[in-house]
Amino acid sequence: MTVAGEPKSISREEVAHLARLSRLALSEDELDVYAKQLDSILTHVASVSEVAADDVPGTAHPAELANVLRPDVVVPGLSTDAALSGAPAVEQDRFAVPQILGEEQ
């Protein structure tokens, strides 16, 4: 939260209110810890907001990304005999593998 460029400190009472809305049971010590942490987060967000320029477009990644795909070129593939030549077992022009499911499947 900012008011005229200055970050607004979050109070312990505001943290307690947020905890009640979120149905969180926080101890007195936790309220103090979370108030300090949230205040730090708000301060950092305010400093980032000051740096962000209107002429800089938002991005999802810090570096420009470009596809590095090669163009599709049709080339001949392996023949069935060449593909199966190194197979340990072949059956009906296919790779033969051990059965892993029972007969009832």
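Here are a few things to note about the model shown:
- Residue within the stretch 1-13 that is surrounded by 12 or more Cβ atoms within 10 Å (Cβ to Cβ), modelled with pLDDT under 80 and in a loop (DSSP other than H, G, I, E, B) present: yes
- Number of residues in the stretch 25-71 that are part of a loop (DSSP other than H, G, I, E, B) and at pLDDT 90 or above equals 3.
- Taken together, A16, A46, A60 contain a single residue that is farther than 30 Å from F95 by Cα, surrounded by 13 or more Cβ atoms within 10 Å (Cβ to Cβ) and out of contact with any helix residue (DSSP H, G or I) (no Cβ under 7 Å at 6 or more places or on another chain), which is A46.
The values are calculated or read from the model by the stated rules, or taken from the named source; none is laboratory data. Note that the coordinates shown come from a computational prediction; the quantities given were computed from them, not determined experimentally. Heads up, the Cβs are rebuilt from the backbone with ideal geometry, glycines too, and the neighbour counts pull from every protein chain shown.
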